[in-house]
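Step one of this worksheet: look at the structure below.
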Amino acid sequence: MKKKDIGIKCLIPYLKKYKVKIILAVILIILYAFLVALSPTFEGKITTQLFSDVTAKRSVNFARINQIIIILVCIYVGGTLSNFAYQFLITDAIQDSMVDLRKEVQSKIAKLPIAYFDKNSLGDILSRASNDVDTISNALQQSFAKILNAVLGLSLAIFMMFKIQSFMAIVSLAIIVFSAIISKIITKKSQPLFQKQQDSLGRLNGIVQEKFTGFNEIKLFGKQEAAIDEFRNVNGELCESGFKAQFISGLMNPLVAFVTYIGIGVVVIWGAFYVIAGVIKVGQLQAFIRYIWQVNQPMSQITQLAGTIQSSIAAVNRVFNFLNEEEEIEEVETVKEQRDIIGSVSFENVKFSYTEDKLLIHDLNFKVKSGQMVAIVGPTGVGKTTLINLLMRFYDVTGGSIKIDGVDIRQIKRDDLRAKFGMVLQDTWLFNGTIKENIAYGKENASEEEIIRAAKVANVHHFITTLPGGYNMILNEEANNISQGEKQLLTIARSVLCNPPILILDEATSSVDTRLEQKLQNAMRNIMEGRTSFVIAHRLSTIKNADLILVMSDGNIVEQGTHEELLAKKGYYEQLYNAQFAMQDAAL
């Protein structure tokens, strides 16, 4: 999907839910801005009173001054309380809205098709879900109230300046005009750089995630320098774009301050003549200068926030472009959920391609009876895993159909379809939690007896009982406090507990030693009993007892049959089999 410039307006629906808090906060911001705008006038009254008493050579009217001071104290206290209250309300509303945004991002991840994750870096996706949302949250937190307060403060300060002396106020407005021009020019230059900065940050996170995941392989093949160079290049891009963005954006504040100082100098000289001429009072000149600072203050706040705002715009574009990605849409016309299926599977003239210009699978045909063990073999890249992805509707077929119990799987809801499958993959996935929680992951409210029974079927119960804490032992985040084979046994136990009618085993024994391989084979035989099973394996020794072996090459099934039948044909399967055992003999 083409990237779009979304804009901050897309955040309005998230903030709207908390409009009561925001409206109260806005009322308090208005009150605060009004009180701030009043204070210079009363401060000027003290100066005027003192100046008039001294020049008239009379006693200072402390009673009048004390009255003004009491009013000023009330203004200051009221302003402080208003400031505190609106900060609390606006913080609460923004944080709640960001919780909703994070939930939507998380929900979106679950709705995206597998194709999206195949095409995009995991680190970049994580960056959008974490860094970019945090950038939006920080920007709203820092800028929402300040910008509103700045607009109100600016408006009230200008009003009070016109009330004191119109011509001086018109001259002072040049500060705002020049500041706005400066801001516009700098924003136009820096905004693309902030977008580039966020994109570079996403790529950097992707590289970090990738390199840490493959750290052992990088060390093994001596590719540390290449990995460091790749990181250095992207880090350099991030540094360069970040420096340019922040530097150019940072020019705004000193330039606006420079314009303000010139304006104040002109007004002070001009105002002094007006005081001498009796057009305005000395306290009014003091108040007028304070109002210029009140004009400068919101302008400075906005310019200081320019970098944060521009970063947030870039982050908003990234997050909402992600939220606008096409989801895995469920068709309206689907059959009712099949609660009990036999497990027969057929591929009928199946065609599939990841891209329109290259067909990967051509007219694939085969049938699997319920309860059969089907092995899929062939070199890397011939379409073995793709076949499984099609079966589970991670991708839909380009042509032909896949049927379970005679029903086209496109007529079955994806969630209902996938609930019928159990998977044991080469890359095991366990999470930070107890062993009991990991086994029970696929079945809510599983009893302890069910969990133990599943572990026994998977030949992992004895191992668990030898661990400190047994079933309550905590697996760390990488689950590397147990071995790879033991992880695999736990995932098998998880599949047993789900009791699926169809089972998929994808290279499940390829990364374990011979001792554990035998244990895994026994566990897999236990769970495959009475179930339709699809087994993808490079070790042909593990699928000798398969009811049906599908030999794939270039997206087609070139041979199919039992182990003995295929060897008797003396074809492609025999070549694969003999080549594998020749390699094993050579290794010995």
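The values are calculated or read from the model by the stated rules, or taken from the named source; none is laboratory data. Computed from a predicted model, the values in this text were never measured in an experiment. Positions of Cβ are generated from backbone atoms using ideal geometry, with glycine treated the same way; all protein chains shown enter the neighbour counts. Just so you know, the surface numbers come from the protein's heavy atoms only, side chains and all, with ligands and any DNA or RNA stripped out. Shrake-Rupley method; radii C 1.70, N 1.55, O 1.52, S 1.80 Å.
Quick rundown of the values:
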quantity	calculated
Eligible lysines near residue 9 by straight Cα distance, threshold 16 Å, same-chain separation 8 or greater	17, 19
Nearest 10 degrees, 0 to 90: helix 19-55 Cα axis against the chain principal axis	20
Under 5 Å, built H, 5+ apart or other chain: amide partners of residue 473	435, 436
Relative contact order %, the chain, counting alpha carbon pairs below 8 Å whose residues are six or more apart	15
For residue 448, solvent-accessible area (1.4 Å; no DNA, RNA or ligand), Å²	100
Calculated [θ] (222 nm, deg cm²/dmol) that DSSP helices of n ≥ 4 give over the chain, each run adding -39,500 (n - 2.57)	-21500 deg cm²/dmol
Rel. contact order, % - alpha carbon contacts under 8 angstrom, at least six apart, the range 371-442	17
Per residue accessible area in Å² of the chain, where ligands, DNA and RNA are left out and the probe is 1.4 Å	52
Distance in nm between pseudo-label sites at residue 88 and residue 369 (7 Å out along the Cβ direction from Cα)	7.5
Additional length obtainable on full extension of the chain from residue 568 to residue 130, 0.36 nm per residue less Cα span	151.9 nm
Residue 280 long-range amide H proximity, modeled H, under 5 Å	275
HN-Hα J in Hz across the range 378-395 - Karplus 6.51, -1.76, 1.60, θ = phi - 60°, x for Gly and Pro	x, x, 5, x, 8, x, 5, 5, 4, 4, 5, 4, 5, 4, 9, 6, 5, 10
Potential extension, residue 554-residue 224 segment - 0.36 nm per residue separation minus Cα distance	115.3 nm
Nearest-10 value in Å² for the accessible area of residue 72, using the 1.4 Å probe	10
Too-long pairs where the Cα-Cα distance tops 21 Å, listed order kept, from 196/244; 119/358; 351/569	351/569
In nm, spacing of pseudo-spin labels at residue 547 and residue 418 (7 Å Cα→C-beta vector)	2.7
Area accessible to solvent at residue 498, 1.4 Å probe radius, in Å²	60
Crossing angle, helix 448-457 versus the chain [Cα axis fit, 0-90 degrees, rounded to tens]	50
Fraction of antiparallel bridges per DSSP, the chain only, in percent to nearest 5	55
Accessible-area ranking of 161, 528, 423, largest first, probe 1.4 Å	423, 528, 161
Heavy-atom accessible area ranking, 1.4 Å probe, most first, across 357, 134	357, 134
Total lysine pairs whose alpha carbons fall under 21 Å of each other in the range 400-504 (8 or more apart, or interchain)	9
Residues whose placed amide H lies under 5 Å from that of residue 423, excluding near-sequence neighbours	504
Theoretical FRET efficiency, 1/(1+(r/R0)^6), r = Cβ-Cβ of residue 240 and residue 138, R0 22 Å, to 0.05	0.45
Protein accessible area in the chain, 1.4 Å probe - carbon and sulfur %	59
Length gained when the stretch residue 151-residue 17 is fully extended (0.36 nm per residue, less Cα-Cα span)	45.8 nm
Unit charges on C-beta of K, R, D, E only; dipole of the chain, Debye	2860
Protein-only accessible surface order, largest first, of 385, 398, 542 at 1.4 Å	398, 385, 542
